[in-house]
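Colleague: Take a look at this one; I'll ask things after.
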Amino acid sequence: MEAGEWLARCAARYMECGGLGEVTAKQAALACQEGIDPSDHGGFADDPEGAADEDMSYWTDDGDE
């Protein structure tokens with residue numbers, strides 16, 4: 001999968017499930033992509049939605065909006 005497609009799909013997942021705006025979602029996707037090992041074919045290299053879901057699973061609701 002090309003890097004641009006991965007970023008777009010990951011950002012879309014952040015917007016859909018995390019409620020992030022477009023700019024913030026793109027920044028989050030870029031940070032998420034930087035943590036992916038492209039040689040790890042069993043991981044998230046081909047699963048941008050899964051990578052975003054994994055990242056969001058660590059988010060906490062601290063009450064701030």
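Colleague: Considering only segment 45-59, state which residues are under 14 Å from Ala3 (Cα atoms) and in contact (Cβ under 8 Å) with a residue 12 or more places away in the chain. Full working, then the answer.
Modeller: Looking only at segment 45-59, we keep the residues that are under 14 Å from Ala3 (Cα atoms), and these are 45-49, 51.
Passing the criteria: Ala45, Asp46, Pro48, Glu49, Ala51.
Colleague: Hey, another quick one. Any residue in segment 1-17 that's more than 10 Å from Cys32 (Cβ to Cβ): show its pairings with residues that are part of a helix (DSSP H, G or I) and hydroxyl-bearing (Ser, Thr, Tyr) at Cβ separation under 7 Å, as long as the two are six or more apart or on different chains.
Modeller: none
All of the numbers you see were taken from the coordinates with simple rules; none came from a lab. All values derive from a computational prediction rather than experimental measurement. Glycine gets a Cβ as well: all are built from the backbone with ideal geometry, and neighbour counts include every protein chain shown.
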